[in-house]
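One structure is given below, encoded as structure tokens.
The values are calculated or read from the model by the stated rules, or taken from the named source; none is laboratory data. Just so you know, these numbers come straight off a predicted model, no measurement behind them. Counting neighbours? That spans all protein chains shown, and the Cβs are built from the backbone with ideal geometry, glycine included.
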Amino acid sequence: MVYFEIQLIAVVVVAACAIPGTFLILRQMSMMTDAISHTVLLGIVLAFFVTHDLGSPLLIAGAALMGLFTVYFTEVLNRTKQMSEDSAIGIVFPFLFSIAILLISMLAKNVHLDTRCVLLGELIFAPSQRLVVDGADLGPRALYTMGFILLLNIGFVVIFFKELKLTTFDENLAVALGFSPVIMHYALMSIVSITAVGAFEAVGSVLVIAFMIGPAATAYLLTKDIKKLLILSVLIGAANAIAGFWLAMWIDVSISGMMAVVTGLSFGLVFVFGKDNGLVAIARRRRQQAKEFADLTMLFHIFRHENSPRAEIENGIATISKHLNWKETKIEARAADLIGRGFLVKENKKLILTEAGQSFLALSRSKERAHGFHFRNLLRKIAFVPTHLTSLKKTVPRNVGKLSV
Amino acid sequence: MNVFSDYTTQIVALGAMLLGISAGMLGSFVVLKKEALVGDAISHSALPGICLAFMAFGAKDTNLFLFGAVAAGLLSIFVVKTVVKYSKIKFDSALAIILSSFFGLGLVLMTYIQRIPNSNQAGMEKFIFGQASTMLKREVYELLAVGVVLIILIILFWKELKLYVFNPEYADSLGFSTRKISFLLSAMTVLAVVAGLQTVGVILMSAMLVSPAVGARQWTDRLSIMVLLAGIFGGLSGLIGTLISSSVRNMPTGPAIVLVLSIFVLISLVFAPNRGLLWRQIRHYQNVKSIGRDKVLMNLYYLSRQHENEHAHAIEAICMSCDKKIEKQYRQILEKLVEMGYAAQAQKDCYVITTEGRNHLTENGLIKEANYGLL
């Protein structure tokens with residue numbers, strides 16, 4: 001039962017975090033979560049000095065306000081145009097955080113305000129605080145607070161979807177249409193702040209950053225559609241949370257830590273093995289393109305010199321290698337491949353185009369035209385070769401060999 | 001004051017000062033490259049490295065911890081840069097992901113270590129929250145060594161770093177390997193951050209890197225002066241912060257240093273000549289005034305052109321209004337113009353433009369020709 005509750009809380013937290021996180025990524029403000037999740041400590045400390053009660057809900061309110069103040073403070077520094085935005089963040093949050101540490105260690109030494117617990121957090125304790133109404137146990141308190149925040153976030157995004165989208169992607173257009181990016185900015189940051197505070201009470205500040213940015217960034221690698229992005233990030237986050245939980249149980253280590261690790265790992269997996277934009281896919285695509293380009297280049301070279309008097313010399317493997325500046329092994333490999341595909345035949349060291357090879361070349365030429373790409377024009381631009389030299393006549397002047405391919 | 005004669009304080013102050021100098025100097029490059037938060041990511045990412053070093057060697061030898069931290073820090077930067085290069089993920093998101101997952105790994109490893117019986121992890125805790133007050137003489141030597149190495153590297157590769165920071169494309173086109181320079185800068189940053197972890201802790205280390213540089217940036221437009229100033233700001237804050245924290249009871253050193261740093265930044269932001277907020281406000285005010293004066297002078301000029309023989313005009317004619325408030329403003333401006341020699345007062349409340357005033361308008365391109373007269 002406790003296991004189930006922990007997972008449930010984690011999934012609710014991750015869903016609540018991933019929604020504003022998506023917009024943070026798109027607005028390139030990810031590190032703001034780092035700043036907010038640290039400065040809320042000052043809000044908690046200040047609110048504590050007012051209430052002198054660690055269980056007071058004012059602490060949460062103070063923390064959320066401090067999150068908003070962090071955003072405002074950063075914005076003020078940023079607006080002086082004397083530093084870049086990341087520098088502003090880098091100044092503001094250590095400043096507020098050190099004030100918090102100073103206050104705690106100088107004035108509240110006897111109070112049990114454990115900075116370690118605040119910062120590192122531990123999910124395992126989350127179900128121990130119950131919501132009890134009339135003596136009836138209704139479940140963990142964190143579940144209710146985070147559930148409420150989740151509903152708030154969903155409501156916010158659904159109601160202001162158009163405005164959020166507009167101000168995120170085209171601020172100038174938003175202003176021109178009469179929407180205020182500033183109001184949307186602070187509204188979103190209030191949501192982020194409230195979510196961060198609620199979440200970090202349940203799971204600790206490190207996990208807040210991981211939950212907000214990780215799933216959204218992973219989903220961002222997979223899709224370009226903002227609605228899909230939102231849904232996908234929630235799903236990925238939930239999967240991360242559950243996988244992290246069971247891994248942590250299995251090795252018996254910190255649950256929050258393990259969830260953060262799994263979040264990082266899932267991002268890494270998509271980054272490396274993603275279907276279209278993963279590292280592997282990019283490498284494979286580049287290799288494929290290099291191969292196709294080499295094939296075409298070689299076929300064109302042979303085509304050019306085929307019926308010229310020097311064809312015997314030009315179309316020998318050694319000469320092609322010299323003129324194209326490729327290694328002979330590469331030429332041989334390509335030639336073998338092209339012979340295998342039936343485009344070329346080899347006659348005592350000379351390569352000759354077959355019918356299939358010629359029609360393949362003609363096809364690729366028409367394809368180039370269809371794409372508005374003219375090999376000859378390009379060549380002319382680069383090498384200043386006169387038009388008549390680059391035209392693909394069957395009889396080519398002798399001096400062209402080195403100029404054109 | 002016994003603060004200055006206290007041996008521990010001397011050691012800590014010296015260490016904090018050294019750290020401030022090296023972090024500040026290096027931070028200049030990092031801030032100018034707009035990668036200010038890299039320090040934050042490195043300091044968080046160092047944790048799993050420390051834990052792994054602890055697990056591998058078990059010893060309490062901090063040098064091995066440092067080694068693990070440097071390796072993990074370098075790895076984290078490498079991953080961040082790879083992600084940014086090969087995907088549409090932006091720098092800030094990449095930082096946030098790497099930071100949180102590395103730190104998460106650190107937590108996992110820490111809880112794992114806690115379960116190993118007889119493992120003394122006192123040395124490790126120090127890295128996360130920083131404890132300047134327990135600094136040993138040996139650690140000061142370490143900080144000194146790191147500082148000297150960093151300064152030598154900065155001097156040796158000054159040209160390369162400068163090029164890389166301001167114009168990486170140009171550096172590339174000149175044949176410098178930006179990849180190597182970028183690696184050098186990352187390695188130096190990692191070294192500085194890891195060296196500082198024990199003193200100010202994971203979270204406050206990024207301020208040691210960013211704040212002195214941002215403060216120094218306000219005072220100058222020259223890189224050499226900025227780096228020097230950042231070093232001085234960092235060093236001074238280290239020194240002052242330590243002294244304050246040791247003279248006030250229960251005051252931790254790291255936050256005290258950061259507070260002093262923030263005060264330096266604030267002073268720089270407001271009072272620095274040219275870029276400072278105060279100066280900008282003053283300049284703005286001066287501009288408004290001089291434009292106002294020129295406007296009145298133009299009125300005088302056009303009035304003078306309307307008549308063949310030039311004569312003074314009453315203030316009502318000059319300001320074209322009978323509002324007493326505006327008239328008063330005009331009178332003040334006209335008096336100032338008389339004082340500057342651009343206008344002359346014929347009788348009470350009657351003014352005329354002088355040749356000097358006409359020349360002034362011509363010099364500023366407000367009127368075409370110095371010779372006036374009816375066309």
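Some observations on this one:
- Residue B:284 meets each of the listed conditions (1) within 22 Å of the chain's Cα centre (by Cα); (2) within 14 Å of chain A (Cβ to nearest Cβ) apart from (1).
Residues are listed down the side, and each one gets a yes or a no for (1) assigned by TED's automatic domain parsing to the domain that holds residue B:14; (2) in a helix (DSSP H, G or I); (3) closer than 22 Å to residue B:75 by Cα:
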{"position": "B:155", "(1), (2), (3)": "yes, yes, no"}
{"position": "B:161", "(1), (2), (3)": "yes, yes, yes"}
{"position": "B:171", "(1), (2), (3)": "yes, yes, no"}
{"position": "B:192", "(1), (2), (3)": "yes, yes, yes"}
{"position": "B:204", "(1), (2), (3)": "yes, yes, yes"}
{"position": "B:215", "(1), (2), (3)": "no, yes, no"}
{"position": "B:219", "(1), (2), (3)": "no, no, no"}
{"position": "B:227", "(1), (2), (3)": "no, yes, no"}
{"position": "B:233", "(1), (2), (3)": "no, yes, no"}
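- Selection from region A:249-264 of residues that are facing chain B (nearest Cβ under 8 Å) and touching a Gly at 6+ places or on another chain (Cβ under 9 Å): A:254, A:256, A:257, A:258, A:259, A:260, A:261, A:263, A:264
- Single residue of region B:202-217 satisfying the filter (in contact with a Pro (Cβ under 9 Å, 6 or more places away or on another chain) and not aliphatic (A, V, I, L, M)) that is surrounded by the most Cβ atoms within 10 Å (Cβ to Cβ): B:211
- Here region A:115-145 is the region considered, the condition is being of a type in the set (D, E, K, R) and part of a helix (DSSP H, G or I), and the residue that is modelled with the highest pLDDT is A:141.
- Residue-level check: of (1) part of a helix (DSSP H, G or I); (2) over 25 Å from residue B:103 (Cα atoms); (3) under 16 Å from the mean Cα position of the chain (by Cα), residue A:214 misses just (2).
- Looking only at residues of region B:347-375 that are of a type in the set (Val, Ile, Thr) and modelled with pLDDT of 75 or more, we find that the one that is surrounded by the fewest Cβ atoms within 10 Å (Cβ to Cβ) is B:355.
- Those residues of region A:165-201 which are assigned to a loop (DSSP other than H, G, I, E, B) and among the aliphatic types (A, V, I, L, M), in sequence order: A:177
- Flag for residue A:396 being at pLDDT below 50, outside the structural domain of residue A:314 (by TED's automatic domain parsing) and either not in a loop (DSSP other than H, G, I, E, B) or not aromatic (Phe, Trp, Tyr) (or both): no
- Test: residue in region A:159-168 that is in the same structural domain as residue A:212 (by TED's automatic domain parsing) and more than 25 Å from the chain's Cα centre (by Cα): yes
- Among the residues of region A:236-248, those identified as more than 12 Å from chain B (Cβ to nearest Cβ) and touching a helix residue (DSSP H, G or I) at 6+ places or on another chain (Cβ under 8 Å) are A:236, A:237, A:238, A:239, A:241, A:242, A:243, A:245.
- Any hit, region A:71-91, residues being surrounded by 21 or more Cβ atoms within 10 Å (Cβ to Cβ), farther than 21 Å from residue B:272 by Cα and more than 14 Å from chain B (Cβ to nearest Cβ): yes
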